[in-house]
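The values are calculated or read from the model by the stated rules, or taken from the named source; none is laboratory data. These numbers come from a predicted model, not from an experiment. Using ideal geometry, Cβ is built from the backbone for each residue, glycine included, and neighbour counts are taken over all protein chains shown.
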Amino acid sequence: MVASENLAGGEPARQEQKTHKAGRFAPSPTGDLHLGNLRTAILAEAWARATGRRFLLRVEDLDRVRSGSTERQLEQLTALGITWDEEPLIQSTRGQAHDDVLKRLMDGGYLFECYCSRKDIREASSAPHAIPGHYPGTCLHLSDDEREERRVFLASQGRVPALRLNAPAASWQVHDELHGDFEGPVDHVVLRRNDGAIAYNLAVVVDDAFQGVDQVVRGDDLLMQSPAQSCLASLLGYAEPVYVHVPLAINANGARLAKRDGAVTLPDLEDLGYGTTDVVRWISNSLGVLSGPPPENTKDLLALLDEKTLRAMPTKPWIIEAIHR
Ligand code: GLU
C-alpha cells in the first residue's frame, strides 16, 4: 500500500542502494544469541541469498544493551558460518538521522504528545469499547491548557512527553511470504519514549530504508508491529519491505525460549560438548522442509534452501523439548 499523503525526501540510502535489494538480521545486543535467534539469523541469510539479495547486519543497540554483547553476538554469528556483505550498522550511531525524521513527522503534523503512564493506558484500554492492548487515544483530544498542565507535571518528574504517531490510516496491509497478505491496526505507536529515547518502531523503519533493506526476516512475535512500520515507511516516502515472519523457538511449556531454559546459547552448548555442527543439524531438522541427512555447516544448509523450499516452511514454532544438559 502507499499512503496517499507522504513526507517523501530525506537522507539518501547508504551507498545509493535504495534500488539495491537487501535482507538483514537485526539482533538486539541484550545477551548471547540463543538457538531461536540463531535459527532466525540463518533463515534471514537464506531468504536473502535465495532471492538474489545482499545480506546485511544491524546491531539494534538503542536499549537494554549488555556490555560486550555486540562483539559476542557477532562472534557467534561468525562461528555459525553466517556471512554479511558490509560492515554491520550500529544503530546508536544513527541518532541524528532518527532526530531528523522525528522532526519531519512533527512538522508534518503526524505526531502528538502523550503524557500517559503505563497504568493510565492499561486502565483506559480495559474500558468497555477499547481495543485491548491498544492506545486508547487519551491524549489526542486535550485542550492546550490540559497539555501544558501535563507537560509541567512530567517535567517535575524529569520526564518528557512520549511522541506517538498520528497516522493517516487506521489499519494497513503488508505482504508476508509465509503469512500472506496481512492487515492489522496501525495504532498510535510510540516513536519517542517518555525518557527521550528514540523508540524501536521509528529506528527500525528509518534504518531499514537507509540500508536499502527491502526484505525483513524476523521472529513472528513482530508480525503485529509490521502494519504500523510499513505505514510509517510509506508516510516517509520509503519503499515498503516484504516481510517473512518466521516461527519462534519455544520451550516445552509453550513459552518463548530464554536463557533459563538451560544450555541454549553456543557458549553454553560448547561447555556440554556440542558444537556448531550439532546446532546446524538441529536447526536443519527443525525447519520441516528438508529430507535426507542434515548438512553439517551453514554454507551447505543455505545451498539446500532455495526459494521454493523456504516458502514451504511451516509456521508452527520450534519446540525445544529437553535442553541438552
Ligand atoms: N532487534 C529486534 C530483536 O532482536 C528485531 C527487530 C527487527 O528485526 O525488526 O528482537
Answer with yes or no whether Arg159 is over 30 Å from His20 (Cβ atoms) and either in contact with a Cys (Cβ under 6 Å, 6 or more places away or on another chain) or assigned to a helix (DSSP H, G or I) (or both).
no
For the range 297-311, indicate whether the set of residues that are modelled with pLDDT under 95 and surrounded by 14 or more Cβ atoms within 10 Å (Cβ to Cβ) is non-empty.
no
Looking for something touching a residue at least 12 places away in the same chain (Cβ under 8 Å) and within 27 Å of the chain's Cα centre (by Cα) - is there at least one such residue anywhere in the range 147-156?
no
Qualifying positions in the range 197-249 - among the charged types (D, E, K, R) and either within 12 Å of the ligand (Cβ to nearest atom) or touching a helix residue (DSSP H, G or I) at 6+ places or on another chain (Cβ under 6 Å) (or both):
Asp207, Asp208, Arg218, Asp220, Asp221, Glu240
Hey, any hits in the range 207-230 for a residue that's part of a loop (DSSP other than H, G, I, E, B), modelled with pLDDT of 95 or more and closer than 21 Å to Glu60 by Cα?
yes
Among (1) part of a helix (DSSP H, G or I); (2) at positive phi, which single condition is Leu301 missing?
(2)
Note on the range 17-53: residues more than 15 Å from the ligand (Cβ to nearest atom) and either touching a residue at least 60 places away in the same chain (Cβ under 8 Å) or surrounded by 24 or more Cβ atoms within 10 Å (Cβ to Cβ) (or both) are Gln17, Lys18, Thr19, His20, Lys21, Ala46, Arg49, Ala50, Thr51, Arg53
